[in-house]
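The values are calculated or read from the model by the stated rules, or taken from the named source; none is laboratory data. Because the structure is a prediction, the values reported are computed rather than measured. Here Cβ is always computed from backbone atoms with ideal geometry, including for glycine, and neighbour counts include all displayed protein chains.
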C-alpha cells in the first residue's frame with residue numbers, strides 16, 4: 001500500500017521552496033559542503049595546471065659530438081639553443097650512457113665522426129643517432145620527436161642559401177603555443193565538477209537516512225518530485241557558482257583564453273550538472289550510508305571522468321568496447337564542450353549535440369531516481 005507521499009501528483013512551489021530552504025540551512029551548518037564546492041575546485045585546478053603537464057621542456061639530454069667540423073658544431077649548438085633540452089656535451093657516448101642508465105639523462109644525440117664527409121658527399125645520409133630512455137615511453141617519444149624537429153630546423157636553415165632549400169612554417173589552430181595547460185585546465189574543470197556534483201548529492205538522501213530525518217520528510221505533504229527538486233536546487237546553484245569560480249581562475253590565473261561567451265559556459269555547466277546531480281542522487285538513494293555513498297561516487301564519478309572522458313587519454317586510441325562505454329559518461333561531452341568554448345569559441349555544431357547528450361543521460365538518471373525513491377519511500 002502506498003503512502004500519500006507516493007501517490008500525490010503535481011508540484012507545489014511553496015513546498016519546494018521550504019525543502020530548498022531547509023537544505024540551504026543544512027549547507028550553511030555544514031562547512032564541509034562549502035569546502036567541497038569552492039575550495040576543492042581551486043586546489044585541484046592548481047594541481048592539474050602545475051603538477052600535470054604534457055609539455056616537455058628542459059629535458060636533460062646528452063649531445064655526443066664525435067666530429068670536429070664546423071657543420072657538426074653548428075648542429076650541436078642548435079640542440080643547446082632550444083628551450084626543450086638541457087644539454088650535457090660529450091665527446092664519447094660512453095660519457096653519457098651511464099647517466100641515461102642512472103636516470104640523470106633522458107637520452108642522448110650522437111653526431112657521428114663521419115657526419116661532415118657524408119653531408120658533403122651526398123651519397124649517404126649524414127648519420128645522427130637519437131637514443132632515448134625507453135623506461136618512460138611518453139618522454140622517450142617526445143624527446144625523439146623534438147630532436148628530429150631540431151634536426152629538421154637546423155637542416156632548413158643550414159641549406160637556406162641554396163635555391164632548392166625548403167622552409168617549413170608549422171601552424172597550430174586554437175593553441176598556437178602547443179601548451180598542454182590550455183586544454184588540460186578546461187578538462188580539469190569538468191573532472192572537478194564531476195566530483196563536486198556527484199559527491200555532494202551522493203550525501204544528500206544518504207545523510208537523511210543515516211540521521212533518521214527521512215521519516216520526518218516522508219510525513220510531510222511533499223511529493224517525491226518536490227523532495228527531489230527541493231534538495232537538488234541548492235546544489236545546482238552551488239555547482240554553477242563553483243564552475244564560474246574555476247573558470248575565472250582558469251582565465252585570470254592560468255591565462256587560458258575564453259573565446260566563447262560566459263552565457264554559453266553557464267549553459268554548458270547547467271546541462272552537465274543535470275546528469276552529475278542525477279548520478280549522485282541515485283547513489284545516495286541506493287546507499288543510505290554516507291561513507292558508502294562517498295566511495296561509490298568517487299569510483300563511479302571521478303575515475304571514469306578522469307580516465308575515459310578524453311581529459312588525458314585520447315578516446316580514439318582506446319579499444320572499441322571501452323570507446324562504447326565512454327558514450328554514457330557525461331564528462332566526455334563536458335570536456336569536449338569546455339575545450340571548445342575556451343579554445344575555439346561558441347561552435348554550436350559541437351556544443352548542441354554535447355548538451356543534448358548530457359541532458360539525455362541526466363533524464364535517464366532522474367527517471368531511475370524517481371522510481372527508486374518511490375519504492376524507498378513506500379518501505
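Determine whether residue 267 is modelled with pLDDT under 75 and surrounded by fewer than 23 Cβ atoms within 10 Å (Cβ to Cβ). Spelling it out, it is not the case that residue 267 is modelled with pLDDT under 75 and surrounded by fewer than 23 Cβ atoms within 10 Å (Cβ to Cβ). Residues in region 287-318 that are part of a loop (DSSP other than H, G, I, E, B) and under 20 Å from the mean Cα position of the chain (by Cα): 308, 309, 310, 311, 312, 313, 314, 318. Selection of region 60-74 for residues being modelled with pLDDT under 85 and surrounded by 14 or more Cβ atoms within 10 Å (Cβ to Cβ) yields 67, 69, 71, 72. With respect to the conditions (1) more than 25 Å from residue 250 (Cβ to Cβ); (2) in a helix (DSSP H, G or I), residue 328 lacks only one, and its number is (2). When each of 230, 212, 239 is tested for being assigned by TED's automatic domain parsing to the domain that holds residue 267 and modelled with pLDDT under 75, the lone residue that passes is 212. Please tell me if residue 331 is within 24 Å of residue 240 (Cα to Cα) and either crowded, with 20+ Cβ neighbours inside 10 Å or not assigned by TED's automatic domain parsing to the domain that holds residue 222 (or both). Answer is yes for this residue. Looking at region 219-265 only, could you name the residues that are in contact (Cβ under 8 Å) with a residue 40 or more places away in the chain, in a helix (DSSP H, G or I) and over 19 Å from residue 17 (Cβ atoms)? Of everything in region 219-265, those that are in contact (Cβ under 8 Å) with a residue 40 or more places away in the chain, in a helix (DSSP H, G or I) and over 19 Å from residue 17 (Cβ atoms) turn out to be 239, 241, 242, 243, 245, 246, 247, 249, 250, 264, 265.
Restricted to region 89-117, and to residues there that are in contact with a helix residue (DSSP H, G or I) (Cβ under 6 Å, 6 or more places away or on another chain) and over 15 Å from residue 154 (Cβ atoms), the residue that is surrounded by the fewest Cβ atoms within 10 Å (Cβ to Cβ) is 90. Can you run down the residue pairs with Cβ atoms below 6 Å, 6 or more apart or on separate chains, where the first is in region 147-168 and closer than 23 Å to residue 85 by Cβ and outside the structural domain of residue 85 (by TED's automatic domain parsing) and the partner is surrounded by 12 or more Cβ atoms within 10 Å (Cβ to Cβ) and modelled with pLDDT of 60 or more? What qualifies is 167/156.
Could you list all residues from region 129-147 that are surrounded by fewer than 17 Cβ atoms within 10 Å (Cβ to Cβ) and at pLDDT 70 or above?
Matches in region 129-147: 129, 141, 144, 145.
Within region 340-369, if we keep just the residues that are at pLDDT below 90 and crowded, with 23+ Cβ neighbours inside 10 Å, the residue that is nearest to residue 181 (Cα to Cα) turns out to be 340.
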